[in-house]
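Engineer: Attaching a single structure in structure tokens format; questions to follow.
Nothing in this text is a laboratory measurement; each read-out follows from the coordinates by a stated rule. Note that the coordinates shown come from a computational prediction; the quantities given were computed from them, not determined experimentally. Quick reminder, even Gly has a Cβ in these numbers, built from the backbone with ideal geometry, and neighbours come from all protein chains shown.
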Amino acid sequence: MNDRKLKKLFELARTETPPTPPGNFELRVMCAVRREERAAPLSWWDQLGALFPRLALAAVLLMGACLFADYYYSAHHASSFAEDATQFSGQALFAANGDGS
Amino acid sequence: MVNDDAELLNRIRNGATDEFAVLVQRHQAQVFGILHRYERDFQKVEDLAQETFLKAWRFLDRFDGRAPFHHWLSRIALRVALDHLRHQKRVRAEIALSDLGESALDWLQAPGDDAEPAAAQAAELLHAAMAGLPPEDRQVLTLLELEGRSVNEICELTGFSNAAVRVRAHRARAKLRKALDRLETKKHE
């Protein structure tokens, strides 16, 4: 490939007529713009709202797990989990006040 | 209708979203022209043009008005074209002769300059031969040789230094010549 021929090839390609955009192209762009606007980023409050079903389910599961743990603990031990927790907090509270009975 | 791009942009920024369509109409030919240098499939050119305008819309706040709007839009279109070249999964290692016009090949292989190919065939031939070039080198060569831009303009559009543009253009031209040489010998075999 000589330089002259390469130059000619570029010259010819340069004169090519570019394709004409379709008549409704701007409408297509505007549709995409509106889709984008609708999908605009949510505020943290909206995001929290969107997460609500999952947060509620997580809270229910956590409460269920606590109740199950209490039931299981009280079935296998003489005192219930709640009683032990009360006893423990009472001891810790009285110990802090210098009255450890 | 507002004639000035700057005034139109102000109105769009102030909430006249629909007027963006006027801006699209005004600059769509320019964007199609740029993208057509990198993609021959019209449907894909249309998709890339839409992506270009969508990016312009997204980053409209970043347009400071120091350069004309069409310069800024050209830079976006070139970035879209470059990304497209990079993401093309299947780069043709071999140029399919069947894809090219017979007269273009005949001209390429003939010793003289008689019976020049049509502009579209020449562009097709170059497009096929440039498919193997690194995307950045291809873009520099396209801007320099097909769009007739100066080195300084290419620096401004691509962000490459003056030396980098010259090196890339030189390298791309050498590779292109080799690809066209391969095409020349292919038919003789």
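Engineer: Could you rank the peptides B:17-30, A:20-33 by their average count of other C-beta atoms within 10 Å per residue, with the highest value first?
Structural biologist: By packing density, highest mean first, the sequence is B:17-30, A:20-33.
Engineer: For each pair in B:K44/B:K178; A:K8/B:K178; A:K5/B:K175; A:K8/B:K175, compute the distance between the two Cα atoms and list the pairs where it is over 25 Å.
Structural biologist: Correct reply: B:K44/B:K178.
Engineer: Put +1 on the Cβ of every Lys and Arg and -1 on every Asp and Glu Cβ in the stretch A:3-97; which of A:A56, A:L27, A:L6 then has its Cα farthest towards the positive end of the dipole?
Structural biologist: Farthest towards the positive pole: A:L6.
Engineer: Within 10 Å of each Cβ in peptide A:20-33, how many partner chain Cβ atoms are there on average? Round it to a whole number, please.
Structural biologist: Mean inter-chain Cβ contacts per residue within 10 Å come to 6.
Engineer: How big is the charge dipole of the stretch A:3-97 about its Cα centre, in debye rounded to the nearest 20, if each Lys and Arg gets +1 on its Cβ and each Asp and Glu gets -1 on its Cβ?
Structural biologist: 1120
Engineer: Could you give the radius of gyration (one decimal) and Dmax (whole number) of the Cα atoms in the stretch A:3-97, in Å?
Structural biologist: Over the stretch A:3-97's Cα set, Rg and Dmax evaluate to 35.3, 101 Å.
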